[in-house]
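Below is one structure; the comments refer to it alone.
The values are calculated or read from the model by the stated rules, or taken from the named source; none is laboratory data. Model, not experiment: these values are computed from the prediction. When we count neighbours, we look across all protein chains shown, and the Cβ atoms used for this are built from the backbone with ideal geometry, even at glycine.
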């Protein structure tokens, strides 16, 4: 399809064609080439507006006459036209059947995030479950479900609620694990999973998750900071100071020293002087 597009666009851009058609064909080639180069490094056509714009540009280019003697238009019989319309409708229906559930899942996830920010965890969890039912392969809803369970576990304090706290923390671990199975490169989700392991008393798994978060995103200063907070209560002072020095160097390189103090305040933990 793209080879045919470039052949046609080159034919339209040759000398002798109207200047506006030449300009449009050259612009279309530049636009299509740019989006394909971008797609080599990113998932740019996953954005519906970009995919639609690409189809429009290629369609407008194909509608331009290539000149006499090159490509002759041929009239289609009524049967062929109806068959083509039916095929387009079927493809449109299939595309809508794939797109609409995904769009609804994103919408439900966004509604769940808003309710979660308002501390309405039960309704937020219901929206996340609806999003997962529509799009089971989306890692976002699974991760946000883990946030809800982790928040619930974080507020179960006291010895009498230890069993409930551990059960909720393990539910959070399972939700984060499902998200990471779909996308293993989420460093911040690995950090949340590590903190859930810590609340569940699974220290070895917590350290492993912290280290995996650092391996996935080595310049993530928050990962070093949270691992340092963990070692503050479980490891030697030497290990703690080493990790804080790494986090300090990472943050100075980015001019974000205040970020650590803000995160420490959010976690209700005193930050060490940087």
**Request:** Check the stretch 81-88 and report whether any residue there is assigned to a helix (DSSP H, G or I), without any contact (Cβ under 8 Å) to a residue 12 or more places away in the chain and closer than 25 Å to residue 24 by Cα.
**Result:** no
**Asked** Of the residues that make up the stretch 207-215, is at least one within 19 Å of residue 125 (Cβ to Cβ), surrounded by 17 or more Cβ atoms within 10 Å (Cβ to Cβ) and over 20 Å from the mean Cα position of the chain (by Cα)?
**Response** no
**Request:** Hand me the list of helices (runs of 4 or more DSSP H) wholly inside the stretch 170-263 holding 3 or more residues that are out of contact with any helix residue (DSSP H, G or I) (no Cβ under 8 Å at 6 or more places or on another chain), more than 29 Å from residue 135 (Cα to Cα) and at pLDDT below 90.
**Result:** 237-254
